[in-house]
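The values are calculated or read from the model by the stated rules, or taken from the named source; none is laboratory data. Bear in mind that the values here come from a model prediction, so they are computed numbers and not experimental data. Because the Cβ atoms are built from the backbone with ideal geometry, glycine has one as well, and the counts that use them run over all protein chains shown.
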Amino acid sequence: MEPKLLQILRSKGGNTPEQELLKELACTRDMLLNAMANLNGHGYKIILENQKWELVQEPDTPFPWEFPGRQNTIHYLPVTTSTMDVARQLAKEGCPHLAVAVADRQTRGRGRMDRRWASDHGGLYFTMVLRPDLPPSDGFRFTFLASVVLADLLKKLCRIDVGVKWPNDLITGQGKLAGILSEMHTTSGNIDFLNIGIGINVNNTPTGLETRAVSVKMLTGRKFSRTALLREFLDRFEKELHGSNDFNDVISRWKKLAHSLNRQVKIVTRNKIVEGFAHDVDEHGSLVVRLADGTISKVRHGDCFHV
Ligand code: BTN
């Protein structure tokens, strides 16, 4: 009942007569009062004045009921080790495609290449469980899609000039805004689940672990609703998943946003360093680098530094 109740209270903007709520929700007064008490116990402030209800305050917390149509697939935790751990557990227990683990804080947030991801209050930290019917070699498509969808969203919603850095960082001239981490589990040559974890510096002030990290709030001077950001991201991402299977389109969109092309780069992988001129990303998501001796190297994984 909570999603519909919130929707009605928000759409009325001001005071809503109790009779109207009872009619629209087709419930008893006891049921209505229970739902109000539940919401008020979670940081909302809904008050009754002259037989009219008003929503006067709401928390920016990604409770499942804030995602109409997704209530059963959003798993919200105030604090956890890492949403990657939660999502892996959910996936192993058989959760459906596009289940999401989201947390306010992570005590052991993980980044790529075994780095830590600082996860203070105010940021948005979530992991989606995907179950594409594709071979593991196609898994990289989804992280590229996620970075393109997120960059487009941040541009539109927050008016930030954000670009992508290979493979999947979201960066601005002032520093890194968001990072994406993926983990895949395969069985008999197919993807069993592919978990995509996204950390976005929204209303937090990133310090320490990430060099040159910025947040939406630092860039815009405004606070943004993490809940609205997640809701919109999931809707757009899901729509794109169902929309086109033309992955080259995703790569060409990524290239238009890319900060790591047509420049000197240094790629650090676990066992080698590749330095050269990055001039393309191929159909497998590999960075195509021309080395000093003129040969071409295609790099699949690693950390990219602009030199
Ligand atoms: C990177 O840029 O190195 C990737 C960072 C990914 C961070 C997100 S936050 C949500 C999810 N849970 C984690 O522990 N990591 C990812």
Task: helices (runs of 4 or more DSSP H) wholly inside region 141-259 containing at least 1 residues that are closer than 27 Å to Ala91 by Cβ - done: 226-243, 247-257
Open item on the list: Given the criteria within 16 Å of the ligand (Cβ to nearest atom) and in contact with a helix residue (DSSP H, G or I) (Cβ under 7 Å, 6 or more places away or on another chain), does Thr205 qualify?
Closed with: no
Task: Selection within region 123-140 - within 14 Å of the ligand (Cβ to nearest atom) and assigned to a loop (DSSP other than H, G, I, E, B) - done: Gly123
- [ ] Name the strands (runs of 3 or more DSSP E) wholly inside region 267-307 in which the number of residues that are more than 19 Å from Phe144 (Cα to Cα) is 2 or more.
- [x] 273-281, 296-299
Task: Residues satisfying the stated conditions in region 99-111, i.e. of a type in the set (A, V, I, L, M) and surrounded by fewer than 16 Cβ atoms within 10 Å (Cβ to Cβ) - done: none
Task: Filter result (small (Gly, Ala, Ser) and within 8 Å of the ligand (Cβ to nearest atom)) within region 109-122 - done: Gly109, Gly111, Ser119
TODO: Go through the residues of region 123-143 one by one and say whether even a single one is modelled with pLDDT under 95, of a type in the set (Asp, Glu) and more than 18 Å from Leu241 (Cα to Cα).
DONE: no
Open item on the list: Restricting to region 71-96, give me the number of residues that are among the basic types (Lys, Arg) and either within 15 Å of the ligand (Cβ to nearest atom) or buried (at least 19 other Cβ atoms within 10 Å of the Cβ) (or both).
Closed with: 1
- [ ] Within region 233-246, identify whether any single residue is touching a Phe, Trp or Tyr at 6+ places or on another chain (Cβ under 8 Å), closer than 25 Å to Leu130 by Cα, more than 16 Å from the ligand (Cβ to nearest atom) and basic (Lys, Arg), and answer yes or no.
- [x] no
Task: Leading residue by the ranking (surrounded by the fewest Cβ atoms within 10 Å (Cβ to Cβ)) among those in region 124-161 that are under 16 Å from the mean Cα position of the chain (by Cα) and free of Cβ contacts under 8 Å to residues at least 24 places away in the same chain - done: Lys156
- [ ] Could you pull out the residue among Gly199, Gly285 that is more than 16 Å from Ile160 (Cα to Cα) and within 15 Å of the chain's Cα centre (by Cα)?
- [x] Gly199
Task: Residues being at positive phi and more than 24 Å from the chain's Cα centre (by Cα) - total across region 288-307 - done: 1
TODO: Answer yes or no as to whether Gln106 is under 27 Å from Val268 (Cα atoms) and within 13 Å of the ligand (Cβ to nearest atom).
DONE: yes
